[in-house]
Amino acid sequence: MTDIIDYHKFVDEELAKLGMRIELITEDLMKKNIRKFSKFINDIFSEYYDIYKWREYADDEYLMHPLNDKFKYSFCIFDTNDEVRFINFTSILDGMLNNHFVFASKDTRGMNLAKYNLIKQCQTGLDNGFTKIIYYFPRKNSRSIILFLTTGMHLSHFRDEDHLVAYGNIPDIILNTYNLIISDNKSRTY
């Protein structure tokens, strides 16, 4: 008999080991942390502006825009000092989870935060009847493209000359991402 994995619990417990917690970005959480989120996102926009030509700044209107159910499927990760370490905005488009962006703080890149977020995001979508997800990547962001292809996403097409579109089946992505984390954890020496 196969054990059923509680992916929400798995993510929460693994992040706790790192001294972090994941939270759904509700409208109230956004209002409470709007300055933190704005600074976090704007710092990353600035860090990568020359490469990706991302927005120059995330203002309150940008952050508070609800998109289509953004406040049901977007997550952030805080450390024990309540500092933002990771943020993701996701909405619903054409019956799929629609990922707008994924940002990790410079000092947490490589700690699997994107993978933990992906599992939580996908499981939340699956819990609400969604089985597909779509992501957009700057074509110059090879690390993200490779990561998400290893989770089971498939490149679909170019949205424009600078962005790739990838999609995937949520149940496959959850299992593949979980297995990547387990494999990575086994190979780490502490």
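The values are calculated or read from the model by the stated rules, or taken from the named source; none is laboratory data. This one's a predicted model, so the numbers in the text were calculated from it and none came from an experiment. Reconstructed Cβ throughout: ideal geometry from the backbone, glycine too, with neighbour counts over all protein chains shown.
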Hey, could you check region 159-181 for residues that are assigned to a strand (DSSP E or B) and of a type in the set (D, E, K, R) and say which is surrounded by the most Cβ atoms within 10 Å (Cβ to Cβ)?
-> Arg159
Need at least 2 residues that are in contact with a strand residue (DSSP E or B) (Cβ under 9 Å, 6 or more places away or on another chain), modelled with pLDDT under 85 and within 20 Å of Gln121 (Cβ to Cβ) per element, so show me which strands (runs of 3 or more DSSP E) inside region 27-105 make the cut, counting only ones lying wholly within it.
-> 96-104
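For region 15-29, enumerate the residues that are under 16 Å from the mean Cα position of the chain (by Cα) and surrounded by 15 or more Cβ atoms within 10 Å (Cβ to Cβ). So that I can check it myself, show each step before the final result.
Pass one, region 15-29, residues under 16 Å from the mean Cα position of the chain (by Cα): 15, 20-26.
Selection gives Leu15, Met20, Arg21, Ile22, Ile25.
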Would you mind telling me which numbered condition in (1) touching a residue at least 60 places away in the same chain (Cβ under 8 Å); (2) more than 27 Å from Asp3 (Cα to Cα) Asn112 fails?
-> (2)
The residue that is nearest to Asn169 (Cα to Cα), considering only those in region 76-100 that are surrounded by fewer than 22 Cβ atoms within 10 Å (Cβ to Cβ) and in contact (Cβ under 8 Å) with a residue 60 or more places away in the chain, is Met96
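Restricting region 116-145 to residues that are basic (Lys, Arg) and within 18 Å of Lys70 (Cβ to Cβ), which is surrounded by the most Cβ atoms within 10 Å (Cβ to Cβ)? Quick ask: steps written out before the conclusion?
To start, the set of residues in region 116-145 that are basic (Lys, Arg) comprises 120, 132, 139-140, 143.
With within 18 Å of Lys70 (Cβ to Cβ) added as a condition, the list becomes 120, 132.
Details: Lys120: 24, Lys132: 15.
Ranking the candidates gives Lys120 first.
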Working carefully through the options Asp127, Asp107, find the one that is farther than 19 Å from Ile173 by Cβ and of a type in the set (Asp, Glu).
-> Asp107
Kindly provide the set of residues from region 146-158 that are surrounded by 18 or more Cβ atoms within 10 Å (Cβ to Cβ) and under 19 Å from Met111 (Cβ atoms), ordered by number.
-> Leu147, Phe148, Thr151
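Confirm whether Phe10 is among the hydrophobic types (A, V, I, L, M, F, W, C) and either under 15 Å from Thr108 (Cβ atoms) or at pLDDT below 95 (or both).
No: the conditions fail for Phe10.
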Which ones in region 12-26 are part of a helix (DSSP H, G or I) and either among the acidic types (Asp, Glu) or in contact with a strand residue (DSSP E or B) (Cβ under 6 Å, 6 or more places away or on another chain) (or both)?
-> Asp12, Glu13, Glu14, Leu15
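Do you know which residues across region 124-147 are without any contact (Cβ under 8 Å) to a residue 60 or more places away in the chain and closer than 20 Å to Gly95 by Cβ? Let's see the steps before the verdict.
First, the residues of region 124-147 that are without any contact (Cβ under 8 Å) to a residue 60 or more places away in the chain: 125-137, 139, 142-147.
Answer for region 124-147, where residues must be without any contact (Cβ under 8 Å) to a residue 60 or more places away in the chain and closer than 20 Å to Gly95 by Cβ: Gly125, Leu126, Asp127, Asn128, Gly129, Phe130, Thr131, Lys132, Ile133, Ile134, Tyr135, Tyr136.
When you go through His154, His163, His100 one by one, which is the residue that is more than 21 Å from Ile5 (Cα to Cα) and under 13 Å from the mean Cα position of the chain (by Cα)?
Working: His154 fails: under 13 Å from the mean Cα position of the chain (by Cα); His163 fails: under 13 Å from the mean Cα position of the chain (by Cα).
It is His100.
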